[in-house]
Amino acid sequence: MAIVAQPADLAERTGGTVAKHIARGDEVMWISLTSGVVTHAFDTFPAAGEDKLKDFDKIKEMKRKELASAADVLGVQH
């Protein structure tokens, strides 16, 4: 089980270890404590203003799909 703050950290920081465990037949689970939208969607939002998070839901879904794709590639079950 890997628990991180942002979804991108799961693939970037644990990908090699996860691949090793999956190859060994271990069950793997990824847990992200946030959506990672504000911290990992660089250049997506303006720095300030009312519309800073206007596309929050759109970017959140994009981040969810990115993580799901990485999980599929590695074979993460949960």
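The values are calculated or read from the model by the stated rules, or taken from the named source; none is laboratory data. All of these numbers come straight from a predicted model, not from anything done at the bench. A quick note on method: Cβ atoms are made from the backbone with ideal geometry, for glycine too, and the neighbour counts reach across all protein chains shown.
Of all the numbered requirements in (1) under 16 Å from Ser69 (Cα atoms); (2) modelled with pLDDT of 90 or more, Ala11 misses one, and that requirement is (2).
Considering the stretch 22-58, the residues that are in a helix (DSSP H, G or I) and modelled with pLDDT of 80 or more include one that is surrounded by the most Cβ atoms within 10 Å (Cβ to Cβ), namely Ile22.
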